[in-house]
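Remarks on the structure that follows.
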Amino acid sequence: MISDSFGPPLCSRICGFLQMTGPIGYLMGVALALSFKDLICWRTIYLITDA
C-alpha cells in the first residue's frame, strides 16, 4: 500500500522510516523500564508493557 500511495523516490524513504520505528520503540521501552525500576516492581513494569 505504501508503494501505491507514494512515488518511487519517496516510497523508499517512508519504508525505511517504518522499518526504523520498531527498534526505536523497543529501545524506548527498555529505557523507560530501567528508569522506573526503582519506583515500581518488575512485575508491574511487565504488566504495563504487555510483554
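Points worth noting:
- With respect to the chain, whose longest principal axis is taken over its alpha-carbon atoms, helix 8-36 is tilted by about 0°.
- Read-out Cα extents along the principal axes in Å, derived from the coordinates shown; its label in [x] 48, 16, 10; [y] 38, 19, 14; [z] 33, 24, 12: [x]
- Distance between the modelled labels on Trp42 and Cys15, one decimal in nanometres: 4.0 nm (7 Å Cα→Cβ projection).
- Over the chain, DSSP H runs of length four or greater, each weighted -39,500 (n - 2.57), average out per residue to a 222 nm ellipticity of -25000 deg cm²/dmol.
FYI, it's all coordinate maths here, none of it is from the lab. Just so it is clear, the model here is predicted, and its values are computed rather than measured. Cβ sites come from the backbone with ideal geometry, for glycine too, and all protein chains shown count toward neighbours.
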